[in-house]
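The structure under discussion appears below in the form of structure tokens.
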Amino acid sequence: MKTAIMLQFIPVLVLMILFFVMMFGIGFILNMLMKTTWFPCFLFVIVILPVVVYSLWDRGQMSFWTHVGSFQLVDYLTGVAGLIGAYMSGWTIKTLRIKGFRMF
């Protein structure tokens, strides 16, 4: 029984790591090019998450809040992993700037 649960969690873990690395990389590049620190976090929360939620919503079948309530734990875990990746990219850039590194 424990093996079956563990085998179901492995794809979720891979998905979380993928979203973390993807948002960290995109955020790091955006921070270097735009010379901002927290822009990727705001971009993720204000633009990317609402666009994904809205694009998955079947307007003819259910209300918006029913759609938001239909998300599972896996969906929230991947979203949180992406947000942590965006935050860590800002933190990394801030730390590098404090230590004297210049990007572009």
- [ ] Test S89 against the stated conditions and say whether it is assigned to a helix (DSSP H, G or I) and surrounded by 16 or more Cβ atoms within 10 Å (Cβ to Cβ).
- [x] yes
- [ ] Answer with yes or no whether R59 is under 20 Å from T37 (Cα atoms) and either basic (K, R) or exposed (fewer than 10 other Cβ atoms within 10 Å of the Cβ) (or both).
- [x] no
- [ ] Kindly indicate which of I29, I84 is part of a helix (DSSP H, G or I), of a type outside the set (D, E, K, R) and touching a residue at least 12 places away in the same chain (Cβ under 8 Å).
- [x] I84
- [ ] Please find, among L49, L15, the residue that is farther than 24 Å from T95 by Cβ, in contact (Cβ under 8 Å) with a residue 40 or more places away in the chain and open to solvent by less than 70 Å² (accessible area, probe 1.4 Å).
- [x] L15
TODO: Considering every residue within the stretch 3-18, establish whether at least one is within 29 Å of F101 (Cα to Cα), part of a helix (DSSP H, G or I) and among the hydrophobic types (A, V, I, L, M, F, W, C).
DONE: yes
- [ ] Note down all Cβ pairs under 8 Å where the first residue falls in the stretch 58-71 and is without any contact (Cβ under 8 Å) to a residue 40 or more places away in the chain, the second is exposed (fewer than 10 other Cβ atoms within 10 Å of the Cβ) and among the charged types (D, E, K, R), and they're at least six residues apart or on different chains.
- [x] H67/D58
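The values are calculated or read from the model by the stated rules, or taken from the named source; none is laboratory data. Please read all numbers here as calculations on a predicted model, not as lab measurements. Cβ: placed from backbone, ideal geometry, glycine included. Neighbour counts: every protein chain shown. Keep in mind that these areas ignore ligands, DNA and RNA; they rest on the heavy atoms of the full protein, side chains included. Shrake-Rupley method; radii C 1.70, N 1.55, O 1.52, S 1.80 Å.
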